[in-house]
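Asks: Have a look at the structure that comes next, please.
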Amino acid sequence: MNLLLIGYGKMGKAIEAIALKRGHTIVGKIVNYDDLQKFNSKVDVAIEFSRPEAVVENLKICFDKKIPVACGTTGWLEKKQEIEKLCVQKQGTFFYAPNYTLGVNVFFKVNEFLAKMMNNQGYEVSIDETHHTQKKDAPSGTAIALAQGIIKNNPSKKEWTLGATSNPEALVINAFRIDPAPGTHVVKYQSAIDDIEIRHTAHSREGFAMGAVLVAEWLAGKTGVYSMDDFLKF
């Protein structure tokens, strides 16, 4: 399969290594907007891990060029609905996940199940996320997805906020940036009697990269808007 890498940082390099091991061909490594505009080689799927300020234009170009795209860039979700509508209008192919690791997606489901159980049980819920200092967006896309899962299943929370708040209906996300730090997400339920926590810690980028390549293999030949729920069929 011919893969195009849009963004060639640490994650792009990890994806490249996995893709080559699985017998795929990397037909391009895009590091700026102009290179993507000019790119004309045959592509089966593009894997997009760039920057929040670049992702929307990158996706629009992929739709115009009829390139199916799996995106993992975070920090731009206020534009996601617009992009999904555009994908449908252009009859394109768009897959988005804030995290491609299988374990994290299991964690998302456990989080939603726990949120239902803990509703009106006298616990205060919050999220802590920790990443290395090179991660520019905060909170992480994974933390936002966890917050959305809680809000959907726990009526006591209506929105999320970054840092402390006096609003009892706001779910607090605390974001920490330190070096060195594995990507860690902790959902906490705290009361005067006891605390309950669920945690996911990523020890390397390999799980994330493998997930992205597996999604690309699955996405080839499809049209429409997809997510990890479609891929994993949880």
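Asks: Take each uninterrupted DSSP H stretch in the chain, measure its Cα extent along the helix axis, and return the ones at 15 Å or beyond whose mean Kyte-Doolittle hydropathy is at least 0.0.
Replies: Both cut-offs are met by 10-21, 52-64, 102-117, 141-153, 206-219.
Asks: Further question on the same structure: Filter the cross-link list 80/109; 109/152; 38/65 down to pairs whose alpha-carbon distance in this structure exceeds 18 Å.
Replies: 80/109
Asks: Now a separate question. From Cα pairs below 8 angstrom and at least 6 apart in sequence, can you work out the relative contact order of the chain, rounded to a whole percent?
Replies: So the answer I get is 22 percent.
Asks: Provide the net charge surrounding residue 66, with neighbours chosen by a C-beta distance below 13 Å and charges set as Lys +1, Arg +1, Asp -1, Glu -1.
Replies: Result for the neighbourhood of residue 66: +3.
Asks: 222 nm [θ] for the chain, helices only, -39500 (n - 2.57) per DSSP H run of 4+, per residue, to 500?
Replies: Here the helix-only value at 222 nm equals -11500 deg cm²/dmol.
Asks: Taking 0.36 nm per intervening residue step and subtracting the Cα-Cα distance, what contour gain separates residue 90 from residue 195 on full extension? It would help to have the intermediate numbers written out before the result.
Replies: Numbers: separation 105, 0.36 × 105 = 37.80 nm, distance 4.86 nm.
Length difference between fully extended and current span is 32.9 nm.
Asks: Starting from the exponent 0.38 and prefactor 2.2 Å, build the expected Rg for segment 102-202 from its residue count and divide its actual Cα Rg by it.
Replies: Cα Rg divided by the expected 2.2 N^0.38 Å: 1.03.
Asks: If you don't mind, there's one more thing I want to ask. Mean-square fluctuation check for the chain, GNM, Cα pairs under 10 Å: which of 201, 130, 142 is largest?
Replies: Result for the chain, Cα springs under 10 Å: 201 fluctuates most.
Asks: Can you put 150, 18 in order of Cβ neighbours within 10 angstrom, beginning with the fewest?
Replies: Working: 150 25, 18 19.
Fewest-to-most Cβ neighbours within 10 Å comes out as 18, 150.
Asks: Using a Förster radius of 22 Å, what is the FRET efficiency between residue 64 and residue 218 based on their Cβ-Cβ separation? Nearest 0.05, please.
Replies: My answer for the efficiency is 0.45.
Asks: Follow-up question, since we're still on this one. For the chain, set up a GNM with springs between Cα atoms under 10 Å and report which of 154, 120, 174 has the largest fluctuation.
Replies: Residue with maximal mean-square fluctuation among 154, 120, 174: 120.
Asks: Using the scaling law 2.2 N^0.38 Å as the reference, what is the normalised Cα Rg of the chain?
Replies: In units of the globular-protein estimate, the chain measures up at 1.06.
Asks: In percent, what relative contact order does segment 102-202 have, based on Cα pairs under 8 Å that are 6 or more apart in sequence?
Replies: 35 percent
Asks: Highest mean first, what order results for 176-184, 43-51 on Cβ atoms within 10 Å?
Replies: Ranking the peptides 176-184, 43-51 by packing returns 43-51, 176-184.
Asks: Within 9 Å, Cβ to Cβ, of residue 171, how many net charges do the neighbouring residues add up to if Lys/Arg are +1 and Asp/Glu are -1?
Replies: Summing Lys/Arg as +1 and Asp/Glu as -1 gives 0.
Asks: Can you report the principal axis dimensions of segment 46-155 using only the alpha carbons, biggest first, rounded to whole angstrom?
Replies: 52, 33, 24
Asks: Related question: Distance from the Cα centre of segment 113-186 to that of segment 24-70, in angstrom?
Replies: Using only Cα atoms to place each centre, the spacing works out to 31 Å.
Asks: Most exposed first by the Cβ proxy, i.e. fewest other Cβ within 10 Å, how do 112, 197 rank?
Replies: Values: 112 16, 197 10.
Lowest count first: 197, 112.
Coordinate-derived values only; no laboratory data. It should be emphasised that the depicted structure is a prediction, and the values quoted were computed from it without experimental measurement. We place every Cβ from the backbone using ideal geometry, glycine too, and count neighbours over all the protein chains shown.
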